[in-house]
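Taking it in order: structure first as structure tokens, then the write-up.
Please treat every number below as a calculation from the coordinates, not as lab data. Please read all numbers here as calculations on a predicted model, not as lab measurements. Ideal geometry is used to build each Cβ from the backbone, glycine not excepted, and the neighbour counts take in all protein chains shown.
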Amino acid sequence: MGNNFELESKDYFILAQSLAEEFAQTAIERDAQGGTPKRERDRLRQSNLLKLIIPKEYGGIGANWITTFKIIREFAKVDSSLAHVFSYHQIGVVIPHIFGTTEQKQHYYQETAQHNWFWCNALNPRDKSATITTQENNFLLNGSKSFCSGSVDSDILPISAIEQTTGEVVILVIPSQRTGVKINADWDSMGQRQTDSGNINFDNVIVYPQEIIGVRYNQDSIFTTIRSCITQLNLANIYLGIAEGAFAAAKNYTQTYKKPWLTSEVKSVSQDPFILHHYGTMWVDLQGTNALINQAIELLQAAWEQEHNLTSEQRGECMIAVNTAKVAATKVGLDITNRIFEVMGARATSQKYGFDRYWRNMRTFTLHDPVDYRLREIGKWALNDEFPHTGAY
């Protein structure tokens with residue numbers, strides 16, 4: 001069983017590498033254009049990789065988080081926008097598994113596998129602009145959600161909304177094309193330009209009872225708080241992928257185009273002591289971050305397999321490892337995407353190379369949440385042996 005899975009995981013990783021090479025051919029041009037990478041999203045649909053994390057018994061590939069994050073990181077090396085929307089699909093499709101009933105988990109896994117649905121991310125619990133009210137036997141959704149990554153060209157919207165009477169947070173899942181849903185193509189950030197992370201408006205959208213996920217189900221289960229571990233580790237993997245992609249691009253440019261500086265006293269740029277110092281520093285930083293992230297993935301996978309038997313201690317240890325990896329990936333990613341210009345020189349700033357996209361994407365995405373608060377949580381653990389809070393989202 002284990003050997004077969006390893007072989008299949010390797011096959012899907014090779015497939016992902018092939019797609020990444022394809023995406024790389026148009027990455028610079030598409031970054032300049034912005035908008036929706038429709039062709040590339042369709043290639044992901046055709047690849048079968050939208051079923052990656054779905055268990056085999058529900059018609060999916062049955063990959064674990066180790067393989068899933070490895071593939072996400074591979075996409076991020078060449079196109080972090082596609083890694084972004086692909087990863088949030090994987091995180092979205094497990095929402096009924098984490099928060100829902102057994103029947104809801106089975107239903108959404110099976111339907112996604114059968115219809116090859118592409119999930120977006122409209123959960124964003126910090127945005128409380130969407131409200132839900134009772135209407136006879138159903139519900140009505142009104143308001144809006146922001147930072148809805150992958151919303152354009154999506155099939156399914158997982159959403160958090162405020163129950164107007166009680167003020168409670170409610171999670172629901174509805175089709176993207178339902179009447180009253182308006183997905184706005186209004187994302188205009190300087191980075192992650194093809195993530196369609198704009199706004200969605202809801203005008204008296206009907207929500208059926210079975211689309212409300214896990215109301216008062218397993219509320220005391222630590223497993224319902226694991227999503228924050230997954231989302232933060234996903235960010236760390238994309239950050240590392242961006243940094244690795246920037247490093248590879250800089251290495252190729254340095255070896256191909258860079259000339260020795262006039263006072264360097266070397267005949268080949270490959271012998272320049274300062275350039276070697278920069279590459280050595282970047283390499284060490286990448287290897288350290290890689291190790292931290294892989295350690296966190298192992299702990300996440302172990303926690304995931306516990307499901308509703310997950311303990312607060314296991315979850316806490318996992319979150320500390322995830323936060324540590326996230327902070328390291330943030331610092332290293334921002335440093336490397338800036339440092340690469342030191343080893344490439346002024347000509348590398350030409351728009352035709354698009355090297356600036358690595359920093360723009362990194363800077364934009366690392367603002368997802370303040371890294372200072374991750375450091376505070378790590379500090380509480382390091383000094384007081386206090387685990388991070390168990391925020392569910």
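The DSSP beta bridges internal to the range 131-211 are antiparallel in roughly 90% of cases. In nm, to one decimal, how far is the D385 label point from the Q351 one, both placed 7 Å along Cα→Cβ? Simple spin-label model gives 5.9 nm for this pair. Here the Karplus relation 6.51 cos²θ - 1.76 cosθ + 1.60, evaluated at θ = phi - 60°, turns the backbone of the range 304-318 into coupling constants of 4, 5, 6, 6, 6, 8, 4, 9, 5, 5, 5, 5, x, 4, 5 Hz, with x for every Gly and Pro.
Of all beta bridges that DSSP places with both ends in the chain, some 85 percent have antiparallel geometry.
Remark: the range 122-217 carries a charge dipole of roughly 160 debye about the Cα centre, counting +1 on each Lys and Arg Cβ and -1 on each Asp and Glu Cβ.
For K380, the aspartates and glutamates whose Cα falls under 16 Å of its own Cα, not counting residues fewer than eight places away in the same chain, are E313, E317, D372.
Other residues with beta-carbon under 13 Å from the beta-carbon of H278 carry, at +1 per Lys or Arg and -1 per Asp or Glu, a net charge of -1. Within the range 7-161, antiparallel bridges make up roughly 75 percent of the DSSP beta bridges whose residues both belong there.
When the chain is treated as a GNM with alpha-carbon contacts under 10 Å, the residue of R126, R41, R357 showing the greatest mean-square fluctuation is R126. Ordering 88-96, 238-246, 196-204 by mean Cβ neighbour count within 10 Å, with the highest value first, yields 238-246, 88-96, 196-204. Rounded if a/c is under 1.5, else prolate if a/b beats b/c, else oblate: with a ≥ b ≥ c from the C-alpha gyration tensor eigenvalues square-rooted, which is the range 226-318? Since a/c reaches 1.5 and a/b is larger than b/c, the shape of the range 226-318 is classed as prolate.
Think of the chain as having a plus end and a minus end, set by charges on the Cβ of Lys, Arg, Asp and Glu; of Q25, Y353, G280, Y353 sits farthest toward the positive end of this dipole.
Step through the table entries K10/K182; K258/K331; K10/K38; K251/K331, compare each Cα-Cα distance with 30 Å, and write down the pairs that go over it. Pairs exceeding 30 Å: K10/K182.
Springs between alpha-carbon atoms under 10 Å, Gaussian network over the chain: tell me which of E40, E103, E307 tops the mean-square fluctuations. Per the Cα network of the chain with a 10 Å cutoff, E103 tops the list. Among 104-116, 8-20, sorting by the average number of other beta carbon atoms lying within 10 angstrom of each residue, highest first, gives 104-116, 8-20. Only helices enter this figure: runs of n ≥ 4 DSSP H residues, each worth -39500 (n - 2.57), summed and divided by the residues of the chain, yield -18000 deg cm²/dmol at 222 nm to the nearest 500.
About its Cα centre, the dipole of the chain is roughly 1100 debye, where the only charges are +1 on Lys and Arg Cβ and -1 on Asp and Glu Cβ. Protection proxy ranking for 180-187, 66-73, using the average of other Cβ atoms within 10 Å per residue and placing the highest first: 66-73, 180-187.
Note on H308/V266: beta-carbon distance plugged into 1/(1 + (r/R0)^6) with R0 of 51 Å gives a FRET efficiency of 0.25.
Given +1 at the Cβ of Lys and Arg, -1 at the Cβ of Asp and Glu and no other charges, the dipole of the range 321-393 around its Cα centre is 420 debye to the nearest 20. Computed from backbone phi with θ = phi - 60° and the Karplus coefficients 6.51, -1.76 and 1.60, the 3J(HN,Hα) list for the range 15-30 is 4, 5, 4, 5, 5, 4, 4, 5, 5, 4, 5, 10, 4, 5, 5, 5 Hz; x is used for glycine and proline. Dipole orientation for the chain: of the candidates N290, H308, N384, N290 has the Cα lying most toward the positive pole (charges on Cβ; Lys, Arg +1; Asp, Glu -1).
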